[in-house]
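Q: This is the structure I have questions about; it appears just below.
What follows is calculated from the coordinates using simple rules that are stated; it is not laboratory data. What you are looking at is a predicted structure, and each value in this text was computed from that prediction instead of being measured. Because the Cβ atoms are built from the backbone with ideal geometry, glycine has one as well, and the counts that use them run over all protein chains shown.
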Amino acid sequence: MTETPATTPAATPIASPAASAPAAPAPLKKGSLVRVCQAAYLGSTEAGASDPEAPQYIFEGPGEILALKGDYAQLRWRRPVPDVWLRLDQLEAC
């Protein structure tokens, strides 16, 4: 009597971590158009040092990055308001 080979589980393709990870957002650089991520901004040190209610235009965008220094970006809005410095993790590309 011949023995039948044991069934082997079907090979499943293993996805590489790079293939399954979501695409990383484009890096922010000088001249990029951005808006402020409301969830990241509210409750931050920057929000606490500003007016109690943030102006809506910062969340709608676009603001332009004028300069980068460490983890911060200087932003200019298309309005007659002063430039501001915010952390890069609070910004998202428009």
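Q: What is the mean projected area of the alpha carbon convex hull for region 53-94, to one decimal in square nanometres?
A: 3.0 nm²
Q: When only DSSP loop residues count, what GluC sites (Glu not before Pro) in region 26-88 have their Cβ near at most 11 other Cβ atoms within 10 Å?
A: Taking region 26-88 and a limit of 11 other Cβ atoms within 10 Å, the loop GluC sites (Glu not before Pro) found are 53.
Q: Determine, for each peptide in 77-89, 33-45, the mean count of other beta carbons within 10 angstrom over its residues, then list the peptides with the highest first.
A: Ranked from most to least packed, the peptides come out as 33-45, 77-89.
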